[in-house]
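A short worksheet on the structure shown next.
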Amino acid sequence: MTRQVPRASVADTLRVLAAVVAPTVAKGVLARRPRVVAAEEQVDADGHAVRLLTELRGRYGHEPLLLNLPGRDFALVLHPDHVHRVLDGSPEPFAVASLEKRAALRLFQPHGVLVTRGSEREELRERNEVALDTGRVHRHAGAFLAKIDDEAADLLRRADRTGVLAWDDFRRTWWRVVRRIVLGDAARDDSITTDLLTRLRMDANWAFAHPNRPRVERAFASRLHRYAVRAAPDALASPGVESQMPQWLFAYEPAAMAAFRALALLAAHPEQASRAREEAVLARDSGADETDLPFLRACVQESLRLWPTSPAILRDTTEETVWNGHVLPQGSGLLLFTPFLGRDAENLPYADAFTPDLWLDGRPEHDWEAIPFSAGPAQCPGRDLVLLTTSRFLAALLERHDYHQRAGKELDPPRPLPHTFSPFRLAFDAVPAPQPVSTAW
Ligand code: HEM
């Protein structure tokens, strides 16, 4: 008789629920709760989770580890080879539209590609890739960069007056950029639409436990519909992709956290900050349409490896699967916990340090460990657009300013970077920077 993959004891399952699942759910999977994030930062909650999962892998072995839960087979994927297998084997036999994901997303994106299966999924994935120009520079990049520069300049004017760049203003500015890119310039100040989405996402944090709110859903959908029909020529919105637009708006928000934390990393690493500024100045001197900011993109990817904004990549098995001769039943849930995978010190020598150069040759994604955008056929189709937007936004901030962290948890290299790092309490002194001497002839 074939044996099942290992099953954690009840005591170990309770430890996983307390150290991995509860803190992830408490801080809000779909919309972060800043106060909970601050409390978790105090105790470095993700650090506990990483240590626990490392210990469990040492004791139970490398196969997916089934938790001892009533009513549902649910396993943790703990080894890079298995991460590779699961992501490469999506959506069959590892379905992207997992039970938990469908429960959470039904509230604000019931027709998003993430929650569909079969031929519908294939068609929607294709539509996303076409609209987002996955794998290449977006056809509207020129217009997007102008919007980003515009809003960053506005933010810097305010920072110049006060000498401070803080999260609240950064976030408000980010939302303007996102609304202009996704919905069109007419949506720049339409915070009602994005506030409605935030309400739905807050509800969705409760997944199965929250009832639908038809009035809020209808109000959000009808506002979105107007932008889809209007289809601004230099935005993503259009009637053919209306059902995907909630996902785009929702997914763009965490990129602000990634960019702001990247700024904190640069503030704590002056050598890398100089490289970033040189790249930004060079790009400015090469022309307004310059999209090539590899080092800044790497800084954002590194910020996402260190503090992933999508902590849980979920799958359901559509058939029985075998792992080193051990069986995992059909219909099992799988959790790929990215805060663990990106900081797995047994496999990643650079786990707790800021090492943006790693991304310049794309290595971490080949290692199937640092996967903030996931990988394989379901990899985030917005990845290129996110990296374009964040790197350009950071370039605009860094061209003429230096940043010194004045609030929030202090990063203190070469000591290991914290596992939990709240962007919400971060603020920087923004001071004019000495300009690098141009080496161009
Ligand atoms: C910091 C920003 C972002 C991060 C870290 C991120 C990460 C991810 C991750 C981890 C997934 C799950 C993939 C899987 O299950 O294997 C995903 C899916 C997806 N993302 Fe992103 N994302 C970001 C922003 C965006 C943006 C801005 C867009 C669109 C404009 C976008 C569009 C999508 C779509 C459509 C999917 C579903 C893909 C599928 O099921 O095939 N994402 N993203």
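The values are calculated or read from the model by the stated rules, or taken from the named source; none is laboratory data. Everything numeric here is computed off the predicted structure, so don't read it as measured data. Reconstructed Cβ throughout: ideal geometry from the backbone, glycine too, with neighbour counts over all protein chains shown. SASA here: full protein model, heavy atoms, side chains in, ligands and nucleic acids out. Shrake-Rupley method; radii C 1.70, N 1.55, O 1.52, S 1.80 Å.
For the reader, a short list of remarks on this structure follows.
- Relative contact order (%) - criterion: Cα under 8 Å, at least six apart; region: region 306-441: 20
- Each Lys and Arg contributes +1 and each Asp and Glu -1, all at the Cβ; summed about the Cα centre of region 1-103, the dipole is approximately 280 debye.
- The charge dipole of the chain, taken about its Cα centre with unit charges on the Cβ atoms of Lys, Arg (+1), Asp and Glu (-1) only, comes to about 1540 debye.
- Per residue, region 3-432 exposes an accessible area of 40 Å² to a 1.4 Å probe, with every protein chain left in place.
- Taking all protein chains as they are arranged and a probe of 1.4 Å, the heavy atoms of VAL115 leave approximately 20 Å² accessible to solvent.
- Antiparallel bridges, percent of DSSP beta bridges restricted to region 3-432 (to nearest 5): 80
- Apolar share of the accessible surface for region 290-359: 45 percent from carbon plus sulfur atoms, 1.4 Å probe.
- Under Karplus coefficients 6.51, -1.76 and 1.60, residue-wise ³J(HN,Hα) of region 349-361 in Hz, glycine/proline x: x, 9, 2, 10, 10, 7, 10, x, 4, 3, 7, 5, 10
- Distance between the 7 Å Cα→Cβ label points at ARG3 and THR54: 2.7 nm.
- Estimated inter-spin distance, ASP357 and VAL216, nm [label 7 Å along Cα→Cβ]: 4.8
- Sequence-distant residues sharing a close amide H with ASP402 (under 5 Å, placed H): VAL431, ALA433
- Within the full protein context, the accessible area of VAL96 is estimated at about 10 Å² for a probe radius of 1.4 Å.
- Solvent-accessible area of GLU369, all protein chains in place: 0 Å² (probe radius 1.4 Å, heavy atoms, ligands and nucleic acids excluded).
- Unit charges at the beta carbon, dipole of the chain: most positive-side option, PHE424, ASN128, LEU348: PHE424
- Options VAL36, ALA22, THR54, ranked by Cα towards positive dipole end of region 1-63, top entry (Cβ charges): ALA22
- Charge-dipole axis of the chain as Lys and Arg at +1 and Asp and Glu at -1 on Cβ define it, positive-most pick from PHE220, GLN272, PRO308: PHE220
- As a calculated quantity, the FRET efficiency between ARG127 and ASP150 at R0 = 22 Å, using C-beta atoms, amounts to about 0.15.
- Taking all protein chains together and a 1.4 Å probe, the residues ASP316, ASP292 rank ASP292, ASP316 from largest to smallest accessible area.
- Each peptide in 256-266, 150-160 receives the mean, over its residues, of other Cβ atoms within 10 Å, and ordering these scores from highest gives 256-266, 150-160.
- C-alpha center-to-center spacing [region 238-287, region 142-206] in angstrom: 13
- Stretching the chain fully between ALA39 and ARG117 yields a gain of 24.3 nm (0.36 nm per residue, less the alpha carbon separation).
- Accessible area of region 3-105 belonging to carbon and sulfur atoms, whole % at 1.4 Å probe: 61
- Separation of alpha-carbon centers, region 372-441 and region 1-44, rounded to whole Å: 28
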